[in-house]
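A short worksheet on the structure shown next.
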Amino acid sequence: SAAEGILRGKASMLGGASGAVAGLVAITPACGSVGVMGAIAIGLISGVVCFWGVTGLKRLLNVDDTADVFGVHGVGGIVGALLTGVFAAPSLGGGGADDFSIASQVLIQAEAVIITIVWSGVVTFVALSLIRVVLGLRVSDDEQREGLDLSAHGESAYN
C-alpha cells in the first residue's frame, strides 16, 4: 500500500492486497449512498487507517490477529460505516436527502457501529464460552510444539 511505502520505505504485495481489501470492506456500507469521488475518498482513507489497524492497533491491544482480520475487516468496516455519514451528503455527490445533515448522519452511523460492536461482542463471548466448556479453546503445549498439522490432522504439510 502507499501508506506502507511512505512509512516503511518499501511497499509489499501483502500490503497492497490488504489495502485493496480494506477499501472494498470500507465501501460496502456506503456503496449505494455515495458518489464516485466519495467512494475513492473512503477507499484511500480506509487504506491508511487499516494500515494503522494492522500495525499500531494490534500492538496497542496486544492481540493475536495473525491474518489481520480485525485490522482490515473490523477497522475497515467501522471506517466505512462512519464515512458513509459524511460522503452520502448530496453536496459531496452522495444520494442523501435534500435536508441532509452530515453531523446527524455520522451520529446515526456511530450508533449503528456501537450497537454492532456490542452485539458481536456478546454473541462472540457466549459462543466462545460454550466452546470452552465443550471442546476447549486451545490445544495443549505439546500439541502446539508438535504442530497442528500432525497433532490435529495427522498430516505433515511440509516434508
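Rule-based calculations on the coordinates, nothing more; no lab input. Not measured: the values here are computed from a predicted model. Here Cβ is always computed from backbone atoms with ideal geometry, including for glycine, and neighbour counts include all displayed protein chains.
Observations on the structure shown:
- From most to least packed by mean Cβ count within 10 Å, the peptides 37-50, 75-88, 129-142, 105-118 give 75-88, 37-50, 105-118, 129-142.
- Taking the Cα centre of the chain as reference, the dipole from Cβ charges on Lys and Arg (+1) and Asp and Glu (-1) amounts to some 340 debye.
- Of the DSSP H helices in the chain, those whose Cα atoms cover at least 30 Å axially and whose Kyte score averages 1.6 or more: 102-134
- Cβ-Cβ FRET estimate between SER151 and TRP52, R0 fixed at 35 Å, reported to 0.05: 0.45
- FRET E, pair ALA17, ASN62, Förster distance 22 Å, beta-carbon r, rounded to 0.05: 0.30
- For SER12, the shell of other residues with beta-carbons less than 15 Å away shows a net charge of 0, using +1 for Lys and Arg and -1 for Asp and Glu.
- For the chain, averaging the sequence separation of C-alpha pairs within contact (under 8 Å, six or more residues apart) and dividing by the residue count gives a relative contact order of 19 percent.
- For the pair ILE108 and VAL123, label points projected 7 Å from Cα toward Cβ lie 2.3 nm apart.
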